[in-house]
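Trainee: This structure is in structure tokens; I'll ask about it shortly.
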Amino acid sequence: MKPVDFDYVKPTTLAAAVDLLATGAGSAKAVAGAQSLGPMLNLRLVQPDLLVDVTDIPELLEIRDERDRIVIGAGVTHARIEDANGGERTRAVLAEIASGIAYRAVRNRGTIGGSLAHADPAADWFVCTAALGAEFLLAGIVGRRTVPADAFVVGGFETMLAPDELIVEISVPRLSARARWAYYKVCRKKGEFAEASAAVLMDETRGVNRCVIGATSGRPLVIENRLPFSGSASDAAVADALSSTALATDPVAIQMHSVAVRRAIAAAMA
Ligand SMILES: Cc1cc2nc3c(=O)[nH]c(=O)nc-3n(C[C@H](O)[C@H](O)[C@H](O)COP(=O)(O)OP(=O)(O)OC[C@H]3O[C@@H](n4cnc5c(N)ncnc54)[C@H](O)[C@@H]3O)c2cc1C
């Protein structure tokens with residue numbers, strides 16, 4: 001199948017892109033790497049009148065080092081994040097997450113903002129950014145707002161973005177020197193979408209003990225201050241933490257996600 005006919009524009013400022021989306025009133029859609037939107041257009045799951053290409057907007061393409069955070073433009077590709085390692089701890093963590101997404105051809109075009117906005121429950125960025133305590137800057141016709149990563153996704157393929165809003169940048173707090181972090185996804189081979197996933201962060205300096213579980217059928221599950229971060233978290237302790245979540249009634253999901261959580265904790269403590 002082929003997409004329905006649509007117009008295509010490539011604005012070079014954020015204001016122009018937002019204006020076009022607002023004027024389109026729901027029939028205009030942003031496109032970045034087209035790695036998720038392309039198939040959806042071909043299958044006619046989305047039928048926009050206008051595609052607003054956001055890949056030429058300089059504000060979306062920056063990676064900035066600030067004193068206590070790293071700020072990544074929404075239009076930065078997974079491949080650029082993978083290559084921007086440079087040895088610093090938080091950058092290395094981000095590079096490792098990026099390198100586990102699909103394969104290089106997809107990473108060369110797919111963007112962090114596109115991944116977050118698409119909100120596939122099995123995807124990697126929104127689980128990891130929620131666990132890292134990131135914030136997203138959004139821009140729409142009424143102005144800008146900052147939202148916490150763990151509130152951004154409201155369900156499977158659903159976010160709090162209004163039709164005229166774009167993700168501008170993703171702001172990730174720097175890990176402290178003593179922070180323990182890991183992301184583990186259950187998949188048959190490296191680079192596949194997760195069947196179950198867990199990201200864990202224990203940062204005593206900042207008082208953080210957080211686990212975020214992805215590849216649920218809806219929004220990621222955030223577990224705060226419940227997990228024992230010890231060399232090997234027991235099955236019972238992990239099951240106890242998961243029993244407080246929406247997965248509790250599905251034994252297969254509990255099993256898969258327990259494995260992801262325990263392996264993430266073991267990797268974080270190694
Ligand atoms: C073969 C294959 C394997 C993959 N494997 C994985 C995987 O293992 N893990 C994983 O996480 N992902 C995976 N992906 C998805 C990949 O990460 C995509 O790059 C990503 O989901 C979408 O990014 P994009 O830039 O291509 O967005 P697009 O496809 O261009 O857009 C996706 C959605 O985001 C919206 N959008 C784009 N940019 C913005 C913005 N700045 N603000 C607001 N809305 C915006 C669009 O309107 C659209 O709704 C895979 C994709 C493919 C094709």
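Trainee: Hey, how much of the P(r) for segment 1-147 falls beyond 19 Å, as a percent of Cα pairs?
Mentor: Working: 5815 of 10731 pairs.
Distances greater than 19 Å cover 54 percent of the Cα pairs.
Trainee: Right, something else. Suppose all protein chains stay in the model; what accessible area per residue would a 1.4 Å probe give for the chain, in Å²?
Mentor: Accessible area per residue: 45 Å².
Trainee: So for each of 64-70, 106-112, 205-211 I average, over its residues, the number of other beta carbons within 10 Å; can you give me the resulting order with the highest mean first?
Mentor: Top of the packing list down: 106-112, 205-211, 64-70.
Trainee: Compute the Rg to Rh ratio over segment 68-223 from the alpha carbon atoms, using the Kirkwood formula for Rh, and round to two decimal places. Don't jump to the answer; show the numbers that get you there.
Mentor: Numbers: Rg = 14.5 Å, Rh = 15.5 Å.
My calculation puts Rg/Rh at 0.94.
Trainee: Of all accessible surface on the chain at a 1.4 Å probe, what whole percent is carbon and sulfur? Can you show the working numbers first?
Mentor: Working: 6410 of 12260 Å².
It is 52 percent, rounded to a whole number.
Trainee: Now for a different question. Between Gly156 and residues 5 or more places away or on another chain, which pairs have amide H atoms under 5 Å apart, with H built 1.01 Å from N, and which residues are they?
Mentor: Arg219
Trainee: Now for a separate question. Return the Rg/Rh value of segment 1-76, two decimal places, where both radii are evaluated on C-alpha atoms and Rh is the Kirkwood radius. Mind showing how you got there, number by number?
Mentor: Working: Rg = 14.3 Å, Rh = 13.4 Å.
For segment 1-76, the value is 1.06.
Trainee: State the answer as a single residue: which of Ala102, Gly214, Ala266 lies farthest towards the positive end of the charge dipole of the chain, with beta carbon charges of +1 for Lys and Arg and -1 for Asp and Glu, about the Cα centre.
Mentor: Ala266
Trainee: Using a 1.4 angstrom probe on the protein heavy atoms only, line up Ser197, Ser115 by accessible area, largest first.
Mentor: These residues rank, largest area first, as Ser115, Ser197.
Trainee: Going by Cα centres, segment 116-166 and segment 1-66 are how many Å apart?
Mentor: Their Cα centres are 16 Å away from one another.
Trainee: Let me know the whole percent of all Cα-Cα pairs from the chain that are separated by more than 29 Å.
Mentor: 31
Trainee: Would you mind giving the three semi-axes, in whole Å and largest first, of the ellipsoid equivalent to segment 20-60 according to its Cα gyration tensor?
Mentor: Largest first, segment 20-60 gives 18, 15, 5 Å.
Trainee: By per-residue mean of other Cβ atoms within 10 Å, what is the highest-first order of 39-50, 23-34, 166-177?
Mentor: Taking the mean over residues of other Cβ atoms within 10 Å, the ranking is 166-177, 23-34, 39-50.
Trainee: Using amide H atoms built 1.01 Å from N in the peptide plane, name the residues 5+ places from Val168, or on other chains, whose amide H lies under 5 Å from its own.
Mentor: Close amide H contacts, sequence-distant or interchain: Leu137, Leu138, Ala139.
Trainee: Turning to a different aspect of this structure: Taking H as built 1.01 Å from N, whose amide H comes closer than 5 Å to the amide H of Arg69, not counting residues under 5 places away?
Mentor: Distant-sequence amide H within range of Arg69: Arg174.
Trainee: Between Val142 and Arg104, with labels modelled 7 Å along Cα→Cβ, what's the label distance in nm to one decimal, could you check?
Mentor: 4.6
Trainee: Another question, if that's okay. So what J values fall out for segment 52-63 if you push phi through Karplus, 6.51 cos²θ - 1.76 cosθ + 1.60 with θ = phi - 60°, rounded to Hz, Gly and Pro as x?
Mentor: Those phi angles translate into 9, 6, 9, 7, 10, 9, x, 4, 8, 10, 8, 10 Hz.
Trainee: Order of 134-143, 257-266 by packing, highest average Cβ count within 10 Å first?
Mentor: My ranking of the peptides, most packed first, is 257-266, 134-143.
The values are calculated or read from the model by the stated rules, or taken from the named source; none is laboratory data. None of the values given here were measured: they were computed from a predicted structure. In this analysis, Cβ positions are derived from the backbone assuming ideal geometry, glycine residues included, and neighbour counts consider all displayed protein chains. For the accessible areas, the whole protein counts, side chains as well, though only heavy atoms, and no ligand, DNA or RNA atoms are used. Shrake-Rupley method; radii C 1.70, N 1.55, O 1.52, S 1.80 Å.
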